[in-house]
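Below is one structure, written out as structure tokens; comments come after it.
The values are calculated or read from the model by the stated rules, or taken from the named source; none is laboratory data. None of the values given here were measured: they were computed from a predicted structure. Remember, those area values only see protein heavy atoms, side chains included, never the ligands or the DNA or RNA. Shrake-Rupley method; radii C 1.70, N 1.55, O 1.52, S 1.80 Å.
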Amino acid sequence: MPFESNLKQIAIRRPDDWHLHLRDGDILKGVVGHTSRVFGRAVIMPNLMPPITSVDAAIQYRERIIAAVPAADSFTPLMTAYLTDDFSPNELERGYKEGVFFAAKLYPANSTTNASEGVTDLNAIDSLLETMESIRMPLLIHGEVVDPSVDIFDREAVFIDRHLIPLLKKFPDLRVVLEHITTEHAVQFVESSSANIAATITPHHLHINRNAMFLGGLRSDFYCLPVAKRERHRLALRRAAISGEPCFFLGTDSAPHLRSSKESSCGCAGIFNAPFALESYAEAFDQEGMLDRLQAFASEFGALFYGLPFNKSSITLVRDSHIVPNILEVSGQNQSVERLVPFHAGDSLRWRVFYHENN
Ligand code: NCD
Ligand code: ZN
């Protein structure tokens, strides 16, 4: 039986979010504070419309993010390039060397939200991957095939076997993060790979399995990509997160979509977990009796993989049960009020991020 601790509070090094969607414009202003309140740095996904495909676009987006961060928070957005079939290796290298692109994101074309301009043929971007391998630039992968003949629940495992393994044979020194893993197969693949390969794990994949999407009706709030899988996969992800293995680290994949876009006949994929992300991870680690491993997973292993220093300040998690609101409101265009549903809406969570202090 999982053991649950009786600790009243824990202080951990300030964490980072190694996979985050912030969007742009009014929504950006409404969501960024939920992350910057807690996390010191975040890797910002480039799947805007249009996507971030140039150094200039990344610089401008970074400025808009920084301008939207509440004044009291210190927060560093780490920008990514959105790879396309015709992305120029020179532009990629320049962006990396100038410290604008922290990494590049590979979306197989049409694999997820705003991925229509992604890569259509992995074999066609060899020169980009060669450049990245030689300059040690990390490649962040949305690891799902888009082949409609492959069952949606198998798309991650098939991607690993069909594409990722051959790709790593071709580019053995490439640094790769397999993002938001959802299967036992991915866990086993990453833990048996070299130290160049790591994976992020989201809070929602630690809490829900695929049944959540169908609980009493069609529940779009639990629909994201890659979709949640069977219970045994959720348990494998929990084992990976608490394993103390440095190849697994925190990446929320918080992906806000307005409630109106989720609740439609073709609802968007993405779960907005930023408002209670660390609380959500803490809940899972606590349920496993492994709170003492939270700091390494949330605040150290990602920085180690990316070769960055640890954050110096700390945050405190206080045991204080609270109910997550059903709706969060942000202001939209022309002063309109937009609604977002946070992950864990209506649930009781037992940890609360109380404050962070600069030491
Ligand atoms: C993300 C989004 O909405 O941008 N959606 C999601 O379901 N996770 C894109 C992604 O990371 O797949
Ligand atoms: Zn994502």
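Could you work out the relative contact order of the chain, using alpha carbon pairs under 8 angstrom and six or more residues apart, expressed as a whole percent? Walk me through the numbers on the way to the answer.
On the way: 756 pairs, mean separation 69.1, N = 359.
Across the chain, relative contact order equals 19 percent.
Relative contact order for the stretch 107-160: 33 percent, from Cα pairs under 8 Å spaced at least 6 residues apart, divided by residue count.
What does DSSP give for the stretch 205-359 in terms of the percent of beta bridges that are antiparallel, rounded to the nearest 5?
On the way: 12 of 14 bridges.
Approximately 85 percent, going by the DSSP bridge assignments.
I want to verify a result. In a Gaussian network model of the chain, Cα cutoff 10 Å, which of these has the top mean-square fluctuation: Leu218, Leu139, Leu206? Answer for the Gaussian network model of the chain: Leu218.
Nonpolar atom fraction for the chain, defined as the carbon and sulfur part of the 1.4 Å probe accessible area, stands at 50 percent.
Based on Cα contacts under 8 Å between residues 6+ apart, the stretch 121-230 shows a relative contact order of 25 percent.
Roll a 1.4 Å probe over the protein chains and send me the accessible area per residue for the stretch 1-70 in Å². Can you show the working numbers first?
On the way: 2980 Å² over 70 residues.
Per residue, the stretch 1-70 has an accessible area of 43 Å².
Among the lysines of the chain, pairs at least eight places apart or on separate chains and with Cα atoms under 30 Å apart come to 17.
Given a 1.4 Å probe, how much area per residue of the stretch 213-287 is accessible, in Å²?
Values: 2670 Å² over 75 residues.
Counting only protein heavy atoms, the per-residue value for the stretch 213-287 is 36 Å².
Select from Arg239, Arg175, Arg23 the residue whose mean-square fluctuation is largest in a Gaussian network model of the chain (Cα-Cα springs shorter than 10 Å). Sorting by GNM fluctuation, first place goes to Arg239. For the stretch 83-210, the solvent-accessible area of protein heavy atoms averages 38 Å² per residue (probe radius 1.4 Å; ligands and nucleic acids excluded).
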